[in-house]
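Heads up: the structure comes next, in structure tokens.
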Amino acid sequence: MNITIIAETSGNQLHSVTSQLAGAAGSLGGTITLLCPGGVGESEASKISGVSKVVSLKGDCFSSFDSGAWSAAMTPHCEGVVIASSSPTGRELASQIASKLGVPVVQDLTEIGQDLKMTRSIYSGKAIETSTASGSCVITLRQNSFESAGSDGNAELITVDSTSEVSVAVKEAMAKAGERLDVSEADIIISGGRGMGDPANFSHLNEVADVIGAAVGASRAAVDSWDEIPHSMQVGQTGKTVNPSLYIAVGISGAIQHLAGMRSSKYIVAINKDPDAPIFGVADYGIVATWEEALPSLKEELAKL
Amino acid sequence: MTIAVLLKQVPDTTAKIAVSEGRVDQGSVSKWSTSPYDEYALEYALQLKESGAGDLVAITCGPSRSSKMLTDAAAVGVDSMLHVEADTSEMDSKQIQSILAAAIKHCGADVVLCGKQAADTNSGSTGPGVASLIGAACVGMVSEVSMDGDGFSALRGSPSGNERVVVSKPCLFAFDKAATELRRPNVKGIMMAKKKVIEKVSPGDLGVDIGESGIKIHAHDSPPEKPPGQKFEGAESVPTVVAKLREEANVI
Ligand SMILES: Cc1cc2nc3c(=O)[nH]c(=O)nc-3n(C[C@H](O)[C@H](O)[C@H](O)COP(=O)(O)OP(=O)(O)OC[C@H]3O[C@@H](n4cnc5c(N)ncnc54)[C@H](O)[C@@H]3O)c2cc1C
Ligand SMILES: Nc1ncnc2c1ncn2[C@@H]1O[C@H](COP(=O)(O)O)[C@@H](O)[C@H]1O
């Protein structure tokens, strides 16, 4: 079986999920080709274990994201099962490549088994679907759900000049406010809800986050109530779906739409003053207390580690 | 010019999802609603229409219950409605996209707005796939769109923040949550909508042969129940929980 991986990039580097895609591909067995859009991360890519060939696609069309242009340049190099990350750009590319290949796409798999048995969550995590493909297909994989491949590979590196018509022109790029880690990137997340009382109180969450290298997230009530809390921090049905190792929910009631975005976290800690808050229903460790009491102690204990 | 908005009817976000005989039990869903991101697509489609970009058609493909959602869209100002009647629950991405692409062509639309991801499939496949099929530029993660000369200006999320992009038609915008209020229908709108006729067609009427699904669904299951967690009273328990996170859970 041939497998083609679409490398996920982050600025001028390979994103760490790329190695997870290779790990998953390795478990399927077969010959793995990895495509690097814009040539980004090509040398690092060639060291990922199990990859036989790296195709470095160079060309002006890769200078900004245009899934139509990128997929047109990439599709001719896609053979067999195509694997991308289920990031927003990964899903967009995967769908366009699938459409150009005339095959179906199945997004955001959390497991793949024998004979490409695919597992994914549907209805915002309220159900799980298992399926198989009868022919070729494109799949995207959820970040942090698959083991990374090693880095002792030695793949052949091929450079290809690509041209493709760009139709989405970037006029202005606005960088994120602040330098904080994005919730979809983080292995530990601490999120605040309406119970934080005031956006200024998120500074207490930031302090805890800094001690353990966590990202700070928020409930929709916090995002909608306070301009200082951007939508990029929102976790849930209409925010980001996250699956970190540890999710700490502070002053969040645990509405079903919030749970939809975080219930697949490996471990969940809830801090809430209401002992009956639904968030305790999904928490591995619940602390019935106000954040005013609990956060200083949490910061202190974590700093001791 | 014609603007199309793709709307999908899904179980309301508050609805319980039950599984019976290996499939989500559609019959037990207590309330059906327009998929949340599609509502933002609809709002911006209405704004484009109001700024003179053209007539607005709402398109859905789904069982007969989905008609109600189109009537709701008409009540807030959609000009016309196309309902492709079909059960999409076992369709693969390719099948649903071929139907919607044909529906868009049938309406003569060259600007399409949709949600970034439906609340039932959670896929995010349809917008980009349809864009490819109809030869339209695709902009994803959109939170704002407006007319800009002959083309359109949109704000989209990017891994490093936001980007302002411009595109010409034909183009498709897949919507993220936007910082706008959603409009609610008024009485006059509701009365007007009741009089509007929904065009109902089958995939065959659109000249589409969807063929066999390339994906075989084995089963839907309820998510595994989590064992009940441990609950502690008071902030005094924080050191205990931190110790457990380190020793039991091994996550810090
Ligand atoms: C279509 C749709 C989509 C949605 N999408 C999302 C989504 O993506 N993400 C999301 O989060 N929500 C979403 N929601 C909203 C969701 O229904 C809830 O309204 C929201 O999650 C509530 O946020 P919250 O828990 O912060 O606020 P609340 O429900 O108001 O809860 C606040 C909690 O803080 C606790 N508290 C108060 N003071 C303190 C204190 N001093 N110390 C400790 N605890 C305290 C309270 O006991 C309470 O449990 C969506 C809703 C709809 C209809
Ligand atoms: N059956 C359908 N009818 C109308 N629009 C749809 C349908 N399926 C998907 N869409 C649109 O495509 C978006 C993404 O859907 P999906 O790819 O299933 O996540 C939805 O938010 C809708 O805007």
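The values are calculated or read from the model by the stated rules, or taken from the named source; none is laboratory data. Given the structure is predicted, the values throughout are model-derived calculations rather than measurements. Reconstructed Cβ throughout: ideal geometry from the backbone, glycine too, with neighbour counts over all protein chains shown. The protein model used for the area step is the full one, side chains on, heavy atoms only, and it has no ligands, DNA or RNA in it. Shrake-Rupley method; radii C 1.70, N 1.55, O 1.52, S 1.80 Å.
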Legend entry - Scan of the stretch B:123-140 for residues that are crowded, with 24+ Cβ neighbours inside 10 Å and either more than 9 Å from chain A (Cβ to nearest Cβ) or within 16 Å of ligand 1 (Cβ to nearest atom) (or both), ordered by number: B:Gly124
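Yes/no per residue for (1) among the hydroxyl-bearing types (Ser, Thr, Tyr); (2) farther than 30 Å from B:Phe175 by Cα:
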position	(1), (2)
A:Ala218	no, no
A:Ser225	yes, no
A:Glu228	no, no
A:Asn272	no, yes
A:Ile279	no, no
A:Glu292	no, yes
Legend entry - Qualifying residues in the stretch B:96-133 (those that are in contact with an Asp or Glu (Cβ under 6 Å, 6 or more places away or on another chain) and not in a loop (DSSP other than H, G, I, E, B)) - the one farthest from B:Tyr40 (Cα to Cα): B:Pro128
Inset, instruction - Tally the residues that are touching a residue at least 12 places away in the same chain (Cβ under 8 Å) and either β-branched (Val, Ile, Thr) or assigned to a helix (DSSP H, G or I) (or both), restricting the search to the stretch A:66-94. - result: 19
Legend entry - Which numbered condition B:Gly77 fails, given (1) open to solvent by less than 10 Å² (accessible area, probe 1.4 Å); (2) among the small types (Gly, Ala, Ser); (3) within 15 Å of B:Leu182 (Cβ to Cβ): (1)
Inset, instruction - State the number of residues belonging to the stretch A:273-305 that are at the interface with another protein chain (Cβ under 9 Å from one of its Cβ atoms), of a type in the set (Gly, Ala, Ser) and part of a loop (DSSP other than H, G, I, E, B). - result: 2
Legend entry - Odd one out for A:Phe280 among (1) among the aromatic types (Phe, Trp, Tyr); (2) closer than 30 Å to B:Thr180 by Cβ; (3) near ligand 1 (Cβ under 10 Å from one of its atoms): (2)
Inset, instruction - Quick one: which strands (runs of 3 or more DSSP E) lie wholly within the stretch B:1-90 and hold at least 1 residues that are more than 16 Å from ligand 1 (Cβ to nearest atom) and either in contact with a Cys (Cβ under 6 Å, 6 or more places away or on another chain) or among the small types (Gly, Ala, Ser) (or both)? - result: B:2-6, B:55-62, B:80-85
Legend entry - Listing of strands (runs of 3 or more DSSP E) fully contained in the stretch A:128-184 that carry 2 or more residues being more than 30 Å from A:Asp210 (Cα to Cα) and at the interface with chain B (Cβ under 10 Å from one of its Cβ atoms): A:138-141, A:169-175
Inset, instruction - Would you check if B:Cys114 is open to solvent by 20 Å² or more (accessible area, probe 1.4 Å), of a type in the set (A, V, I, L, M, F, W, C) and either more than 16 Å from ligand 1 (Cβ to nearest atom) or within 13 Å of chain A (Cβ to nearest Cβ) (or both)? - result: no
